[in-house]
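Novice: Provided herewith is a single structure, encoded as structure tokens, for subsequent inquiry.
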Amino acid sequence: MIKILIQLTLFIGYCSSSSFSQNYWQQEVNYTIEVTLDDVNHKLFGNESFEYINNSPSTLNELRIHLWPNAYKNGETALGQQQYKDGNDDLKFANDSLTGWIDSLNFSVNGAKVNWRFDSTHSDICIIELKTPLLPGDRITVATPFVVKIPSGEISRLGHIEQSYQITQWYPKPAVFDATGWHDMPYLNQGEFYSEFGSFDVSITLPKNYAIAATGDLQSDEEFQFRKNIEKLTREKIDNNNYSRKSRGGGGITPESSAEFKTVRFTQDKVHDFAWFADKRYEILSGEIELPYSKRKVTSWAFFTPKNMNLWKDAIEYINDGTNFYSLWNGDYPYNSVTAVDGTISAGGGMEYPTITVIGNSSSEMELETVIVHEIGHNWFYGILGSNERNHGWMDEGINTLNEVRYIQTKYPNNTNLSQIFNGGFLHFNGLSHFDTGDFFYRTLSGLGLEQAIETPSEDFTSTNYSVIMYQKTGLVFNYLRRYLGDEKFDSCMQNYFETWKFKHPQPEDMRKTLESCSGKKLDWLFKDLIRTCNHVDFKLKKVKKIDETNYTVKIKNVGQVDSPISIHGLIGDSIVSTTWIEPGLKTNKIQLQSVSRLDGISISADKSIPEINRQNNHWKSKGLFKRFEKPKFEFLIGDNESRRSNMFWTPIIGGNFHDKFMIGGAFHNFGLPINKFQYLIAPMYSFGRNFISGITELSYTTLPKDNIRLSKIGVSIKSFKDDSIRDRNESFYFIASPYWYAKLGKRAKLSKPFENSIRVQTMYRANVFGHNTTQYAGGFIEHVSNYVKPNHKVNTKIRTDFASNLDNGQKFGRSSLEATYKFRYLRKNQKRWISLRGFVGGYWYNKFNINSNPNYMMSFAGMNGAQDLFVEDYFFGRNITSGIWSQQRYENMGGFSSASNFGATNQWMATGNLYFQIPIKPNMFGVFIDFGTVQLGTKNYGLFNTGLALKLGDVFGVYFPIYMNDVLENSFGSKKYSERIRFSLKLNLMTRDFKFRDLF
Ligand SMILES: [Zn+2]
């Protein structure tokens, strides 16, 4: 336990009067529910009645009701479709043991039966038609019986794993009606909540030996005693270090249910949901917290399964500390109990419900504490401040992350949580804290042009953005505000927000008004730029002039896209000794900085309080020749790009190919994370085939424009390797330099759409050198690639124009092609088997290259595997060789035939189709290929056909065994030896083109 010093007083009276709108109103719903658990058939039999109070100025003719158990009915529900879209077939092909539903509904209003109907689109929403319109200020009582078939806990959050029950989002519940109308929404895994406040009185009947945890205050003395008896046994086991996996009540993992039943009652006011959890194995611990301001006492409870006892033995400490810190920073916890339950259900790391949270599997005590504190924290940001999570998820998840990170950083200032994620500081990702988790992933994602704005509706987020942006970036942005205002002011403003909006539905504008009037600051930069756009922050320390030992003039340039506050830190060694904040909108040409002592350095945001995308331009040091350059740091292989350091990574490399033979050398690069705008890779290798240096160099500069381009990159790629095939001489090699521009097109907000496209414009200078002779080429290509990716359908198109000129003899060519691939997943139920159909059409519209010289469009690439790679975009072990095993490597472009024929190289035109069919046997690596096409050679057209079997390991490696070729192919193929007809593919440049975030982790 840590000692908490209360340094803060409430500033609510001090802050300017609240911005709370006089016109604000909200509906009220007060529930009474009686429910019985049938743990043989996994069903709930219930009777519900709720009082609905219309506080709105509108007359209501209908009520819209959520029936969320119906989300589990089949694959057609919004949840089923969402999961299917994410590649999860569970609901789509679910049998009865997996699905769930709610039925036996029979609604009455004030005792009289009413008409009701399901929503036309969503079966988990229904509409009750009111016979008598509900006038403003009036109330009605709605009642219905209901039966819930509890789905499998494998699907989402309502469910059971055998006889362990997680009963959430389970009863008929009116949707929110607010100033913008009804907010009925189907149940989804992402962006769950927006609910009306009211009271709950819930009586649950179930076999006597279940322990039950639920929202609110336990009203049954007997059950309280039952809990205390279990707790006594749990404490004994912990005290005796006896973390037995055996459950109470017998040797079995899950004891038999008692024949006798009990009814347990819970009540709670001022909440907007009710959840309960029942398990016969639960161990129980309890504790007590005294709240920091009111000194009121709150009871804390932990329920967990015996197998997690070792991990959960200090859970009460986490619950208490979480409740205490959140109260201290935001305002006292308003309820009497706070509970955390060890969940048996797989969905998600944890889930919040009022006064009770369910926690998923954790791998360490630190992880468990973090999740418990986060979920407990949702009592404030979701439970008490009931914002609309589906539209403004950041208002609970993001603000909650801010508090969660502050909690860990306060309680464990020296934690290395992020480094632990990187396998305990894997390579050089060391010394990274819980705060760095958000800082690192946000800046990495943003730097890759993959960022969406914080204010994005939950269903439009990609899953990466949902966690990295909505949770983490929001946390960073509000940490920025906290550092700028200072803890005292920030906390008083958050407490003002809490007091003003507790038990209500604050919208983003309400939060902004409260924070602005309390802080006295204009917060456009936060609420307009950082929340609503992907505009990024980047300040550059341009110049520091030392006037005397303690006086400096600093010049800062805003090279980012947001006019936000700037912190300037004076440093002695690595310690911050002074902090100066520059207000937004001020001129940053001549900032006077005064320090009490001589400084070693001056830095923008040395404490990382500003979520800057680039921190390599923030520093000045008083000593040394290059005052604005960071100290270089050399590290093996890879690591994080630290601010105040120029990280260079190195690794010895060995390589080899047919021509260079064995190569040995080193790679030097700055491909750390978050990525640098300027990136380099220099990889020289000594080639024993060439007796000289071969290798590659890549330089690039990335920008993130504001508008319709997600990412823009200019760069140059330089390669030189030996190539004996240029001429049959030993001293032949090629050298190629390719400057390029590459851009990912499209608005960042549309990232979750299945459509993406990119453009690449590349030029090339190539020299083929043999002895004293050199043939030089110049050329380039323009390529537009688009992808449409759905879990079961993928379409890829590539439009490309190549042109090149032989600078020595003036021969030129120009050609264009269209390639399209359609992939369809034909076998379902979590078995992925694909049919792929590819088409290629290519033609030369200008050609003065000799017909026998490269490059041609080629049908298949037997023995000429480098010829179709004029621009050296890929790697071959035996570039251009015509015999031996390395000549049998095929390259999947152009005609795309899998056969081994030399036939079909043209500088006129060709059209081909390639069908590939994954055979539905295990393991998933066998397929059938069928290639067909036509090619023009001179004045004749040839039809080509071949088929065979393939063995493929993903996209990386494949072997192709021909079975049948038509006569033209057969006759053109010289060797009759079957082994020489086999082709293989090996794709080694998976990383060189589109750098993918997921390739890293
Ligand atoms: Zn959360």
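Novice: Mind checking which residues of region 656-669 are crowded, with 17+ Cβ neighbours inside 10 Å, within 37 Å of the chain's Cα centre (by Cα) and not small (Gly, Ala, Ser)?
Specialist: Passing the criteria: only HIS669.
Novice: PRO632 versus (1) under 26 Å from HIS669 (Cβ atoms); (2) within 27 Å of the chain's Cα centre (by Cα): which is the lone unmet condition?
Specialist: Evaluating PRO632 over (1) under 26 Å from HIS669 (Cβ atoms); (2) within 27 Å of the chain's Cα centre (by Cα) leaves (2) as the failure.
Novice: Residues of region 37-76 being open to solvent by 10 Å² or more (accessible area, probe 1.4 Å) and touching a helix residue (DSSP H, G or I) at 6+ places or on another chain (Cβ under 7 Å), which ones?
Specialist: ASN74
Novice: Given the options THR401, THR357, name the one that is in contact with a Ser or Thr (Cβ under 8 Å, 6 or more places away or on another chain), within 15 Å of the ligand (Cβ to nearest atom) and in a strand (DSSP E or B). Working first, answer last.
Specialist: Working: THR401 fails: in a strand (DSSP E or B).
The match here is THR357.
Novice: Just the residues that are within 25 Å of LEU134 (Cβ to Cβ), in a strand (DSSP E or B) and of a type outside the set (A, V, I, L, M, F, W, C), please, taken from region 35-67.
Specialist: Within region 35-67, GLY46, ASN47, GLU48, SER49, GLU51, TYR52, ASN61, GLU62, ARG64, HIS66 qualify.
Novice: A follow-up question, please. Which residues, taken from region 644-671, are in contact (Cβ under 8 Å) with a residue 40 or more places away in the chain, under 26 Å from THR703 (Cβ atoms) and not in a strand (DSSP E or B)?
Specialist: Scanning region 644-671 gives a single hit, ARG644.
Novice: Another one. For GLY843, only one of the following conditions fails: (1) of a type in the set (Gly, Ala, Ser); (2) in a loop (DSSP other than H, G, I, E, B); (3) at pLDDT 60 or above. What is its number?
Specialist: (2)
Novice: Is it true that GLU451 is part of a loop (DSSP other than H, G, I, E, B), away from the ligand (no atom under 16 Å from the Cβ), more than 15 Å from ASP640 (Cβ to Cβ) and within 13 Å of the chain's Cα centre (by Cα)?
Specialist: Criteria met by GLU451.
Novice: From GLU389, GLU367, GLU375, which residue is outside any helix (DSSP H, G or I) and either open to solvent by 10 Å² or more (accessible area, probe 1.4 Å) or at negative phi (or both)?
Specialist: GLU389
Novice: Continuing with this model, one more query. Given the criteria modelled with pLDDT of 95 or more and over 16 Å from GLY159 (Cβ atoms), does SER49 qualify?
Specialist: Yes, satisfied.
Novice: Can you tell me which residue is nearest to GLY814 (Cα to Cα) among those in region 907-927 that are surrounded by 16 or more Cβ atoms within 10 Å (Cβ to Cβ) and aromatic (Phe, Trp, Tyr)?
Specialist: The selected residue is TRP909.
Novice: Specify the residue that is least open to solvent (accessible area, probe 1.4 Å); the eligible residues are those in region 956-986 that are among the hydrophobic types (A, V, I, L, M, F, W, C) and in a loop (DSSP other than H, G, I, E, B).
Specialist: Checking each candidate, the answer is PHE973.
Novice: So, in region 376-395, of the ones that are under 18 Å from PHE274 (Cβ atoms) and not hydrophobic (A, V, I, L, M, F, W, C), which residue ends up nearest to the ligand (Cβ to nearest atom)?
Specialist: Filtering first and then ranking leaves HIS378.
Novice: Next question. Name the single residue, out of those in region 461-487 being in a helix (DSSP H, G or I) and of a type in the set (Gly, Ala, Ser), that is farthest from the ligand (Cβ to nearest atom).
Specialist: To start, the set of residues in region 461-487 that are in a helix (DSSP H, G or I) comprises 463-485, 487.
Imposing the further condition that a residue be of a type in the set (Gly, Ala, Ser) reduces the set to 463, 467, 475.
Values: SER463: 14, SER467: 10, GLY475: 11 Å.
That would be SER463.
Novice: Here's another thing I want to ask about it. Does ARG296 fit the bill of being open to solvent by 10 Å² or more (accessible area, probe 1.4 Å) and within 16 Å of the ligand (Cβ to nearest atom)?
Specialist: Here the answer is no, as ARG296 does not meet what is asked.
So that you can scan it fast, the table gives a plain yes or no per residue for (1) assigned to a strand (DSSP E or B); (2) of a type in the set (A, V, I, L, M):
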position	(1), (2)
LEU285	yes, yes
ILE289	yes, yes
PRO292	no, no
LYS295	no, no
SER300	yes, no
MET309	no, yes
ILE319	no, yes
GLY322	no, no
TRP329	no, no
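Novice: Does any residue of region 530-552 turn out to be crowded, with 20+ Cβ neighbours inside 10 Å, in contact with a strand residue (DSSP E or B) (Cβ under 9 Å, 6 or more places away or on another chain) and assigned to a helix (DSSP H, G or I)?
Specialist: Within region 530-552 (the criterion being crowded, with 20+ Cβ neighbours inside 10 Å, in contact with a strand residue (DSSP E or B) (Cβ under 9 Å, 6 or more places away or on another chain) and assigned to a helix (DSSP H, G or I)), the answer is yes, since at least one residue qualifies.
Novice: Out of all the residues in region 366-397, which are under 21 Å from SER433 (Cβ atoms), under 18 Å from the mean Cα position of the chain (by Cα) and of a type in the set (D, E, K, R)?
Specialist: Residue satisfying the conditions is GLU397 alone.
Novice: Does any residue in region 353-379 that is charged (D, E, K, R) come within less than 6 Å, Cβ to Cβ, of a residue that is open to solvent by less than 30 Å² (accessible area, probe 1.4 Å) and away from the ligand (no atom under 11 Å from the Cβ) six or more places away or on a different chain, and which pairs are these?
Specialist: GLU369/TYR318
Novice: Please enumerate the residues belonging to region 210-243 that are part of a loop (DSSP other than H, G, I, E, B) and at pLDDT below 95.
Specialist: Of everything in region 210-243, those that are part of a loop (DSSP other than H, G, I, E, B) and at pLDDT below 95 turn out to be SER220, ASN240, ASN241, ASN242, TYR243.
Novice: Here's a follow-up. Working only within region 122-149, note down all residues that are touching a helix residue (DSSP H, G or I) at 6+ places or on another chain (Cβ under 8 Å) and in a loop (DSSP other than H, G, I, E, B).
Specialist: To start, the set of residues in region 122-149 that are touching a helix residue (DSSP H, G or I) at 6+ places or on another chain (Cβ under 8 Å) comprises 122-124, 148-149.
Answer for region 122-149, where residues must be touching a helix residue (DSSP H, G or I) at 6+ places or on another chain (Cβ under 8 Å) and in a loop (DSSP other than H, G, I, E, B): HIS122, SER123, ASP124.
Novice: Applying the selection to region 303-325, what residues are of a type in the set (Lys, Arg) and buried (at least 19 other Cβ atoms within 10 Å of the Cβ)?
Specialist: LYS313
Novice: Something else about it: Restricted to region 404-416, and to residues that are surrounded by fewer than 24 Cβ atoms within 10 Å (Cβ to Cβ) and of a type outside the set (Lys, Arg), which residue is farthest from the ligand (Cβ to nearest atom)?
Specialist: ASN414
Novice: Now for a separate question. Taking the condition of being open to solvent by less than 40 Å² (accessible area, probe 1.4 Å) and either modelled with pLDDT of 85 or more or among the hydroxyl-bearing types (Ser, Thr, Tyr) (or both), how many residues in region 722-743 meet it?
Specialist: Looking only at that region, the number is 8.
Novice: Restricting attention to region 91-103, does a residue exist that is part of a helix (DSSP H, G or I), farther than 26 Å from PHE177 by Cβ and open to solvent by less than 80 Å² (accessible area, probe 1.4 Å)?
Specialist: No, the conditions are met nowhere in region 91-103.
The values are calculated or read from the model by the stated rules, or taken from the named source; none is laboratory data. Small disclaimer: the values here were computed from a predicted structure and weren't measured. Reconstructed Cβ throughout: ideal geometry from the backbone, glycine too, with neighbour counts over all protein chains shown. Heads up: the accessible areas ignore ligands, DNA and RNA and are worked out on the full protein's heavy atoms, side chains in. Shrake-Rupley method; radii C 1.70, N 1.55, O 1.52, S 1.80 Å.
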